[in-house]
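A short worksheet on the structure shown next.
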Amino acid sequence: MSEISKYKIVDSGRIFSFTPNRHSVKLSVWTLGVILSLVLLAIIFFREINRGMVILLTVLGPYLILHSLYDIFIRAEICYVFDREDRIVYIEKPLFPTKKIMSFEEIVIFTSTTGSYWHYAIGAKNNHLVKSYRISEDFREGRKKSSKESAYESAILAKLYEMRQLPVR
């Protein structure tokens, strides 16, 4: 899968935009399918399964279904828009209005780690450790750079660094 289709990259000269969470759609669809089939099997074999399994599916089923639907329809469609002329970064979320998050002069691009995974994030210079926005999928820590990481850096990160260096008009 090319990086342009993977991240829905749009580069129209004035606007550069991408959706960093598109990679999670496939996993969310699989999770939704598994949970729905487990709930269906629990309904069919209600008399044969024990009470603990019924309680587990009653509690976890709706949560996992809603979480998967949120990932598929909202989180995967969050889009970051970089306006070259106005030098402003916007975030577009489904069901919410477009929101200005910072200007190009405030952007800090950094890596954030969680366990043995890390990802790229952006934030404002003064408070990037308090409020930041995830702009990549998770990458595994290791000595060798993965092909996903190299592709992301060449398709998106290089473009972001290039835009930050553009002179103010």
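The values are calculated or read from the model by the stated rules, or taken from the named source; none is laboratory data. Fair warning: this is a prediction, and the values are worked out from it, not measured in the lab. Counting neighbours? That spans all protein chains shown, and the Cβs are built from the backbone with ideal geometry, glycine included. What goes into the accessible areas is simple: the full protein's heavy atoms, side chains included, and nothing from ligands, DNA or RNA. Shrake-Rupley method; radii C 1.70, N 1.55, O 1.52, S 1.80 Å.
Calculate log10 I(q)/I(0) of the chain for q = 0.11, 0.12, 0.15 Å⁻¹, where I(q) comes from the Debye formula with a single equal point scatterer on each Cα and nothing for solvent. The Cα Debye sum returns log10 ratios of -0.58, -0.66, -0.91. Taking the C-alpha atoms only, the angle from helix 25-44 to the longest principal axis of the chain is near 10 degrees. Can you list residues from other chains, or at least 5 along the same chain, whose modelled amide H is less than 5 Å from the amide H of residue 101? Here the answer is 89, 90, 91, since their amide H atoms fall under 5 Å of that of residue 101.
Probe radius 1.4 Å, ligands and nucleic acids ignored: give me the carbon and sulfur share of the accessible area of region 1-48 as a rounded percent.
Values: 2300 of 3210 Å².
The nonpolar share, carbon plus sulfur, comes to 72 percent.
Exposed loop sites were defined as GluC sites (Glu not before Pro) in DSSP loop states (anything but H, G, I, E or B) carrying at most 13 other C-beta atoms within 10 Å; in the chain the longest segment without such a site runs 86-140.
A Förster radius of 22 Å, combined with the Cβ-Cβ distance separating residue 9 from residue 113, puts the computed FRET efficiency at roughly 0.30. Measuring against 24 Å, Cα to Cα, the residue pairs 93/145; 6/159; 93/159 contain 93/145 as the ones spanning a longer distance. In this simple spin-label model, placing a label point 7 Å from the Cα along the Cα-to-Cβ direction at both residue 65 and residue 146 gives a separation of 3.2 nm. Please identify the longest segment of the chain free of exposed chymotrypsin sites (Phe, Trp or Tyr not before Pro), where exposed means a DSSP state other than H, G, I, E or B and no more than 15 other Cβ atoms within 10 Å. Longest site-free region, per DSSP loop and neighbour criteria: 47-169.
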